[in-house]
Amino acid sequence: MERRLKSPSSKLAKLKPAIAAVLPGGLPRNVARFYAKSDGLKLSWNGQEAVLVGLAEMFGGLKKGAFREHSVVKKADLDELEWTDLPFYERFFNEHGDYSDKKSLDQLNLRMRLKLLASVAGESNELAIDYFAEEPTIYLVHRADAAYPLKGLTFADFVAWFSKFGTWRWYFAFLDKKAEASLNIDLRAELERAFEDVPAEEWAPLLARLPKKKAPGPVRPQVLAPAGDQPVVRPSLPSLKQPPAVLDEDAPRGVAFSPDGQRLAVWGADYELFVYDVGRRERLWKQKHAAAMDLSADGQTVAVLEQPRGSEPADRLVLRACATGKSLHREPWRPGPALTAVACVGDRVVVADTADTLHVLDLAMQRTLKTLPRVKNVRRLGAAGDRLLAHIQAYDPGTMQLTGPSAVKLFDLATGALVTTWAGAAVFAASADGALVALGTIGKRTAVRIVELESGRVLHELQGGAVHPDETPDAGFHLAFSPDGARLVVSERVYDPASKTVTSAASLYDAKQGTLVERVDLGRNPERPRITIDAEGLALSVDGVLCVAADAYGLRLWQA
């Protein structure tokens with residue numbers, strides 16, 4: 001626990017002219033006093049390395065273009081603005097932000113004039129200072145798209161607390177209730193968790209700044225309001241033999257209908273999550289930084305794996321009301337390791353992590369019921385009634401290819417036991433009641449088996465098309481049941497050896513009879529006709545609506 005502080009030699013005298021070009025009055029007195037003695041600080045403590053940056057890094061480095069005045073972005077500038085010209089573009093600008101209203105523009109302009117103080121290792125947080133306010137104000141910048149003032153924190157106090165705790169979460173003590181609500185955390189609980197191994201007297205002044213929490217009452221079942229009081233509008237969509245209705249959406253890759261077919265949850269390759277009113281074709285809400293999602297069996301809750309930024313692993317589970325997007329708990333669930341897959345199974349939610357563990361949580365109580373260790377290489381999770389399906393296959397991040405044998409496993413969540421393994425299966429789908437499971441395998445041709453789960457008997461085997469020998473075999477290969485289990489849709493890429501072309505299609509089957517009902521050509525990229533449009537996700541609603549998420553080419557809907 002020994003603290004070691006390093007104070008680099010001051011560079012204030014050398015950099016004063018450059019700083020004056022940005023701050024005509026120079027640095028505030030207490031900031032200048034600190035940097036006259038030391039060009040930042042380096043703290044080593046409890047295995048942590050924390051850096052309070054020097055003046056050069058604070059103002060953008062020594063390269064050409066640093067030490068610039070901040071630009072004020074106005075609404076009229078948005079269409080022609082070169083974002084990369086803004087100071088600190090790479091640090092405090094989130095490319096997925098919506099900057100169309102005054103509030104969002106004010107936040108953007110604030111972040112563009114902030115100067116970095118410290119980055120928080122392992123988190124998407126930075127501490128920064130605004131020299132352009134009446135009083136210099138220190139901010140917590142979260143995910144590069146929101147800045148929260150640390151109220152009552154002077155620069156001298158900041159240096160004192162940094163010298164003691166580096167970038168541990170001591171600064172949470174200076175956030176207010178508005179920031180707490182926006183960040184969806186319990187500030188007191190986060191502070192207590194961060195310092196649980198530190199003598200209480202060292203951080204007692206921080207804890208004293210936060211109000212004591214009332215003891216929680218008994219957990220009650222969530223009663224969620226519908227999306228609105230408007231009458232239900234049934235979608236009017238083209239038949240399978242007609243061109244589809246295409247909802248304008250960027251890179252959709254996963255879709256799920258609510259049981260009543262009125263809402264459609266959509267996850268995209270840009271890590272955004274949307275929920276639509278299908279009949280009105282209106283977006284109800286959206287969120288950023290969603291790495292994966294699934295709908296609960298009753299369609300009331302969306303389980304979301306969230307990440308600090310789009311390029312980082314998911315680190316928390318958040319449960320949201322499907323109708324409104326509101327969080328159903330004050331604090332996300334964080335197990336520690338990165339999270340890779342999620343599925344709602346009956347009244348539980350199951351999460352896989354990079355430590356080869358499955359976590360089973362109670363959906364209403366939001367607490368862990370059990371863990372299933374040593375479940376390796378989980379690619380996807382899904383429900384089969386009240387049991388869990390998992391696709392298992394190793395992945396090579398270097399080549400970005402699935403490697404080794406593929407299998408689908410069935411787990412009993414009540415006991416945690418492995419029930420059965422289907423070797424060779426690469427994709428799966430299950431009816432809502434768990435009576436039927438469809439398993440897709442890939443060889444020279446694709447094949448789909450429809451299995452009666454109770455007996456293990458194969459009811460039907462559906463032969464698919466030829467697989468291109470040089471392409472990723474699982475590309476575009478997906479399965480989905482209708483809610484009643486009566487129909488099964490299969491998407492796949494089919495190779496024609498004679499013409500050496502690949503087509504992409506979705507085939508609708510009568511799952512009870514094992515017969516083909518209709519096959520739909522998913523079309524081609526209008527700008528590059530030789531490129532097929534693959535399905536990235538499939539869903540069938542109770543009203544017979546077929547939805548295909550076709551990556552960069554939108555959501556395609558038919559009346560099946």
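Quick notes
- Subset of the range 149-181 (residues that are in contact (Cβ under 8 Å) with a residue 60 or more places away in the chain and closer than 20 Å to Leu110 by Cα): Thr154, Phe155
- Within the range 441-450, the set of residues being open to solvent by 20 Å² or more (accessible area, probe 1.4 Å), in a strand (DSSP E or B) and over 15 Å from Ala407 (Cα atoms) comprises Arg445 only.
- The single condition among (1) closer than 16 Å to Leu117 by Cβ; (2) buried (at least 17 other Cβ atoms within 10 Å of the Cβ); (3) not basic (Lys, Arg) that Ser7 does not satisfy is (2).
- For the range 394-403, the condition holds for at least one residue, the condition being that it is loosely packed, with under 15 Cβ neighbours inside 10 Å and in contact with a Ser or Thr (Cβ under 6 Å, 6 or more places away or on another chain).
- The range 364-384, residues that are buried (at least 17 other Cβ atoms within 10 Å of the Cβ) and of a type in the set (Gly, Ala, Ser): Gly382, Ala383, Ala384
- Residue within the range 492-506 that is open to solvent by less than 60 Å² (accessible area, probe 1.4 Å), more than 31 Å from the chain's Cα centre (by Cα) and at pLDDT 90 or above present: no
- Members of the range 451-472 that are part of a loop (DSSP other than H, G, I, E, B) and either over 21 Å from Gly382 (Cα atoms) or at pLDDT 95 or above (or both): Val467, His468, Pro469, Asp470, Glu471, Thr472
- Number of positions in the range 108-161 that are more than 23 Å from Gly25 (Cβ to Cβ), among the aromatic types (Phe, Trp, Tyr) and assigned to a loop (DSSP other than H, G, I, E, B): 0
- Selection within the range 19-44 - surrounded by 17 or more Cβ atoms within 10 Å (Cβ to Cβ) and part of a helix (DSSP H, G or I): Ile19, Val22, Val31, Phe34, Tyr35
- When we screen Trp168, Trp161 for residues that are within 24 Å of Pro337 (Cα to Cα), open to solvent by 10 Å² or more (accessible area, probe 1.4 Å) and not small (Gly, Ala, Ser), the only hit is Trp168.
- Flag if Ser182 is of a type in the set (Ser, Thr, Tyr) and surrounded by 15 or more Cβ atoms within 10 Å (Cβ to Cβ): no
- Restricting attention to the range 104-142 and to residues that are under 19 Å from Glu312 (Cβ atoms) and acidic (Asp, Glu), the residue that is surrounded by the fewest Cβ atoms within 10 Å (Cβ to Cβ) turns out to be Glu123.
- Of all the listed residues (Ala506, Ala480, Ala475, Ala539), the sole one being small (Gly, Ala, Ser) and in a loop (DSSP other than H, G, I, E, B) is Ala475.
- Checking each residue in the range 408-440 for being surrounded by fewer than 17 Cβ atoms within 10 Å (Cβ to Cβ) and of a type in the set (A, V, I, L, M) picks out Ala414, Ala417, Leu418, Val419, Ala423, Ala435.
- Selection status of Arg320, touching a residue at least 60 places away in the same chain (Cβ under 8 Å) and out of contact with any Gly (no Cβ under 7 Å at 6 or more places or on another chain): no
- All helices (runs of 4 or more DSSP H) inside the range 174-286 with 2 or more residues being at pLDDT 90 or above and in contact with a strand residue (DSSP E or B) (Cβ under 6 Å, 6 or more places away or on another chain): none
- In the range 460-485, the residues that are more than 11 Å from Thr446 (Cα to Cα), free of Cβ contacts under 8 Å to residues at least 60 places away in the same chain, surrounded by fewer than 16 Cβ atoms within 10 Å (Cβ to Cβ) and not charged (D, E, K, R): Pro469
The values are calculated or read from the model by the stated rules, or taken from the named source; none is laboratory data. Here the structure is a predicted model, which is why all the values come from computation and not from measurement. Note: ideal-geometry Cβ built from the backbone for every residue, glycine included; neighbour counts use all protein chains shown. For the accessible areas, the whole protein counts, side chains as well, though only heavy atoms, and no ligand, DNA or RNA atoms are used. Shrake-Rupley method; radii C 1.70, N 1.55, O 1.52, S 1.80 Å.
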